[in-house]
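The values are calculated or read from the model by the stated rules, or taken from the named source; none is laboratory data. Just so it is clear, the model here is predicted, and its values are computed rather than measured. Ideal geometry is used to build each Cβ from the backbone, glycine not excepted, and the neighbour counts take in all protein chains shown. Heavy atoms of the whole protein, side chains included, go into the accessibility calculation; ligands, DNA and RNA do not. Shrake-Rupley method; radii C 1.70, N 1.55, O 1.52, S 1.80 Å.
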Amino acid sequence: MDSHENYVYKTEVNWSLLTEGLTLPVENQVIFARNMGKFLHRGEVKPITLYLNGKGYRAQIRNVNFDSRFNRKNDTLQIRYTRNGHLAQALKACFSKSYNYIKAQREIRLRDNRSIIKLPEGYKEYLAIYTTAYEDTYILETIEAEDIISIKKAVQNQSELAMEAKFNYDIEDKTASIFEDERILKFRKLSRKIGENLKLFYDYRCQICGQYVGEEYGAKVAEAHHIDYFVQSLNNDANNQLIVCPNHHSIIHETNPVFNRKKLIYLYPNGVQEGLMLNQHLHL
Ligand SMILES: [Zn+2]
Ligand SMILES: [Zn+2]
């Protein structure tokens, strides 16, 4: 399951996803883009199979705007499935909490209001999409409200460094119960894949100092750091992760600098300010 062919995209549940499909920006998705570059040309539509809980569903993927010769910011793929068909029904069943919330909101709002209904905290659920060894086959994994409750309990007393070490390196948690394990492993795999994708995107260079670590030893060592600490925020989105060298990572956890999201700089307690030498995935 954890092979390198398996890559991920994480998206928050919304009405479109629950009924007919979703749009994936692929600008930072190295493996996805690699997979797609061979498989789909710009404007092309192809049939695909999506697996959810071991069951396969037919769908289509369309390459809306992807051409590897241009460094475009808005490369997107669209996945479409039959409106309210079998896959949509299965997704509604998995994401019953967000489905019921959005459905109720749609019923009480004005008819001409077509804005996207945002899920409040406690209702947010996510879909993760993994590529497989087959270009036309994807695996869908759900991060449901119940999963998030379990994860919250499991991480609340853990240190941020210990938690991140589990995402960055292969460390097993032997203290978790079997029941917790499934939910937590699912979440851990997702966090890890998002971090791994970003490491590939920056070619294992530190976003702060731009350095490669370990190259002269034939190794590449970079770590994914969570800007808002994961144990508090449970936020493993790419926009909460920074790829850093082990030195910068240790310094950040030792000194707890404040990250200014507007300027994309760290402000250390001794007054030192440090910007990002490399950044293409954190947006102002
Ligand atoms: Zn560094
Ligand atoms: Zn960290």
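Just name the residue that is nearest to ligand 2 (Cβ to nearest atom) out of those in region 214-226 that are in a loop (DSSP other than H, G, I, E, B) and surrounded by fewer than 18 Cβ atoms within 10 Å (Cβ to Cβ). The qualifying residue nearest to ligand 2 (Cβ to nearest atom) is VAL221. Candidates are the residues of region 251-284 that are touching a helix residue (DSSP H, G or I) at 6+ places or on another chain (Cβ under 9 Å) and among the hydroxyl-bearing types (Ser, Thr, Tyr); the one that is most open to solvent (accessible area, probe 1.4 Å) is TYR268. Taking the stated definitions as given, is TYR266 hydroxyl-bearing (Ser, Thr, Tyr) and within 13 Å of ligand 1 (Cβ to nearest atom)? Yes; evaluated as a whole, the condition is true for this residue.
Yes or no, residue by residue, for (1) in a helix (DSSP H, G or I); (2) over 22 Å from VAL30 (Cα atoms); (3) assigned by TED's automatic domain parsing to the domain that holds LEU17:
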| site | (1), (2), (3) |
| --- | --- |
| GLY122 | no, yes, yes |
| ILE139 | no, no, yes |
| SER150 | yes, yes, no |
| MET163 | yes, yes, no |
| LYS189 | yes, no, no |
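The set of residues in region 13-29 being open to solvent by 20 Å² or more (accessible area, probe 1.4 Å) and in a helix (DSSP H, G or I) consists of TRP15, SER16. Just one residue in the set ALA154, ALA165, ALA104 is open to solvent by 20 Å² or more (accessible area, probe 1.4 Å), over 27 Å from ALA33 (Cα atoms) and within 16 Å of ligand 2 (Cβ to nearest atom); that residue is ALA165.
Counting only residues that are open to solvent by 20 Å² or more (accessible area, probe 1.4 Å) and under 10 Å from THR49 (Cα atoms), which one in region 135-144 is nearest to the chain's Cα centre (by Cα)? Applying the filter and picking the extreme gives ILE139.
To keep it simple, each residue is scored yes or no on (1) in the same structural domain as TYR130 (by TED's automatic domain parsing); (2) at pLDDT 95 or above.
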| position | (1), (2) |
| --- | --- |
| SER3 | no, no |
| VAL13 | yes, yes |
| GLY21 | yes, yes |
| GLN29 | yes, no |
| LEU40 | yes, no |
| GLY43 | yes, no |
| PRO47 | yes, yes |
| TYR57 | yes, yes |
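Residue count for region 237-248 under the criterion of being out of contact with any strand residue (DSSP E or B) (no Cβ under 7 Å at 6 or more places or on another chain) and surrounded by 22 or more Cβ atoms within 10 Å (Cβ to Cβ): the result is 2. Residues of region 192-203 that are away from ligand 2 (no atom under 16 Å from the Cβ) and either touching a His at 6+ places or on another chain (Cβ under 9 Å) or closer than 11 Å to CYS245 by Cα (or both): PHE201 alone. Within region 206-244, being more than 21 Å from the chain's Cα centre (by Cα) and near ligand 1 (Cβ under 9 Å from one of its atoms) holds for ILE208, CYS209, GLY210, GLN211, VAL213. Could you list, ordered by first residue, the pairs with Cβ atoms under 7 Å in which the first is in region 191-206 and under 18 Å from ILE143 (Cβ atoms) and the second is at pLDDT 95 or above and within 16 Å of ligand 2 (Cβ to nearest atom), at least 6 apart or interchain? Close Cβ pairs (under 7 Å, with a partner that is at pLDDT 95 or above and within 16 Å of ligand 2 (Cβ to nearest atom)) amount to ILE194/GLN241; GLY195/ALA224; GLY195/GLN241.
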